Structure formats: structure tokens, C-alpha cells
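A.B. asks: The structure follows.
A short reminder: the numbers here are calculations on the coordinates, not readings from a lab. All values reported here derive from a predicted model rather than from experimental measurement. Note that we place each Cβ from the backbone using ideal geometry, even for glycine, and neighbour counts take in every protein chain shown.
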Amino acid sequence: MSSSQRGGPAVVAEGLVKHYKGRTGTVEAVRGVDLKVQAGEIFGFLGPNGAGKSTCVRMLTTLLSITSGTARVAGVDVTQNPDEARRRIGVALQEAGLDPRQNGRELLVLQAKLFGFSATDAARRAQELLELVELEDAADRRIKGYSGGMKRRLDLASALVHEPEVLFLDEPTTGLDPASRLTVWEEVRRINGRGTTVFLTTQYLEEADQLCDRLAIIDAGQIVREGTPAELKADLRARNGANADPTLDDVFLDATGRTRDRAAGEVQEVTA
Ligand SMILES: Nc1ncnc2c1ncn2[C@@H]1O[C@H](COP(=O)(O)OP(=O)(O)OP(=O)(O)O)[C@@H](O)[C@H]1O
Ligand SMILES: [Mg+2]
């Protein structure tokens, strides 16, 4: 039994640092991040563009080397034991890598076979997942013809093939219309309800507010706020001494030193 099943933390990062070295110099993308996500939580990771969210997700999921610091997922050190870590996690990245010529069922069957399922078991698992993300009707159509929301749900399903303990989702709803976004939230809640810990990044503060048990805000490679949505709002209310009820938008703007005018679409570059 893994540590996360025993109720230990599902994700622990200590002093996580990432430097990207390029011809033009070093980018300090992540500058000492500590995180703890309890098993069973939906944890939200928020921050402006370029804050370091995807870089953290890629380090936590063994896809990117760690410059310094340590990370454990489901009790497994990702640097010391990357293969074991990979078996315990599922990941849907910001850029979904779906083959448009396959159909949804083929993709899931192939994924299951890659994880060592027999043909029969792979077919059964694919059917279960298609039902979970409500894509049974589209299962035998080419992915090329799927809407953005359908592709996201298929990508979600493909991250779940091997029943991971911890699911990482990098911006699962970016670019989706409000109805599709709600559908993805429902899928995430359902997956979480079946015992999977969820670590998701998002640009949508309402999403974090509705979906996440706890969240952290990262800015320029460092965590600047952490807590439940209610705690973060209460903290801002206390510091402002105002009667007005702050929203998570207000918390985010306060935490990242942005104003409502500057907030939209700004890119934050982190330089050495
Ligand atoms: N491969 C790379 N080489 C060099 N710099 C990189 C690389 N990937 C990311 N960066 C830089 O690292 C910083 C963090 O990027 P990252 O993609 O982690 O941010 P993010 O929070 O996921 O942003 P977004 O909200 O736009 O997805 C940025 O300054 C980015 O330009
Ligand atoms: Mg990103």
C-alpha cells in the first residue's frame, strides 16, 4: 500500500528550483517552491502567464529534470525512482498530444496496451473510461472531428488508463466554452470522488474557487499564497479591514501585485 493510500501526502515538493539554460542566459523559472498536497484533495495551482506552473507540473511528473530540491508523488521520489513515480501518476499536459486520425476508443486501447493490459482488458478499460467521460457516442469517430471539450475529456480519460493515484492536469479547461468547462469540472469531481488526488493548474479563478479544496498562487517562480479559497479570501478581508467580501480575483490580484487594468493577458517574464 502506498503512502498516499495510507492518508499521507500525495505530493510533496521541497525547495524545488528550475533553471533553464539557453544561449541568451539562464531563466530562473522556479525559485524554491514548497508544496504539500494531501491524498484525496483537488489542489489548484494558480499564477499569471510565465509564473512557472507548467514547469512545476513537468518536474513533478518526471518530464523535466529538477535543478535542485526534491519532489515525491504518492510517496515516490521522482528523481530517484522515476519509473515507479510514472506508474502512480497520470498527466494531461497543456498541449494535448492526440493523433487526429485515430478514434477515441483506439487511442484509449493503445494507451492501455502500452501500460501492459491484454487486448481484452484494454478494450474493457477503454469502454469504462469512455463512459466515465461521457464519450461513448463519439468513441468510434475520428478525433479530428471532436470539439475542443471532447478532446480535453478524451485526454483526461487517457491520463486515467492505469488508475493513477495522482492526476496532474495542466490547464484542463483553457479555451473551452463555459458549458464544456462545466462538463470537465464534473469529470474532475467524479474522478476525485473515486479516490484520485487531483493537481490542476488554471487561469480561471472561478474554477479554482468552485473546484479546489486548497490552492497555491505562484508568481515569478515563488509561492505567494496558499490555503483554502475561503482562507485566502478571509485573509485579504482581514488585511484590508474592509466590509466588502473579496473574491478570489481580488486575492489573485493582491498576491501578484497586479491591478485590474494590468491583469488581462499580461506575460510575466522571469529573468536571471
Ligand atoms: N524550455 C524552456 N526554455 C527556456 N525557458 C523556458 C522554457 N519553458 C519555460 N520557460 C520559461 O520559464 C518561465 C515559466 O514558464 P512556464 O511555462 O512554467 O509558466 P506557466 O506558469 O505555465 O505559464 P502559462 O500560464 O503561460 O502556461 C517563463 O519565463 C518561460 O518563458
Ligand atoms: Mg503553463
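A.B. asks: Under a Cβ-Cβ cut-off of 10 Å, what is the net charge of the residues other than Asn192 that fall near it, where Lys and Arg count +1 and Asp and Glu count -1?
C.D. replies: Within the 10 Å Cβ shell, the charges total 0.
A.B. asks: Classify region 118-208: rounded, prolate or oblate, from the alpha-carbon gyration tensor (a ≥ b ≥ c, eigenvalue square roots; a/c under 1.5 rounded; otherwise prolate if a/b is larger than b/c)?
C.D. replies: Note, shape of region 118-208 comes out oblate.
A.B. asks: If we count other beta carbons within 10 Å of each Cβ, what is the order of Thr62, Thr247, fewest first?
C.D. replies: Placing the least packed residue first, the sequence is Thr247, Thr62.
A.B. asks: Using alpha carbons only, how many degrees (0 to 90, rounded to 10) separate the axis of helix 229-240 from the longest principal axis of the chain?
C.D. replies: 10
A.B. asks: Rounded to the nearest 5, what % of the DSSP beta bridges within region 147-248 are antiparallel ones?
C.D. replies: Around 50 percent of the beta bridges assigned by DSSP in region 147-248 are antiparallel ones.
A.B. asks: Turning to a different aspect of this structure: Where does each of 169-175, 18-24 land if you order them by average Cβ count within 10 Å, highest first?
C.D. replies: Going from most to least packed, we get 169-175, 18-24.
A.B. asks: Over 24 Å between Cα atoms: which of Lys53/Lys151; Lys113/Lys144; Lys53/Lys233; Lys113/Lys151; Lys18/Lys151 fall into that group?
C.D. replies: Lys18/Lys151
A.B. asks: When a footprinting reagent is the concern and you count Cβ atoms within 10 Å, what order do Arg152, Arg214, Arg141 take, fewest first?
C.D. replies: Arg141, Arg214, Arg152
A.B. asks: Would you mind ranking Met59, Met150 by Cβ crowding within 10 Å, fewest neighbours first?
C.D. replies: Ascending number of Cβ neighbours within 10 Å: Met150, Met59.
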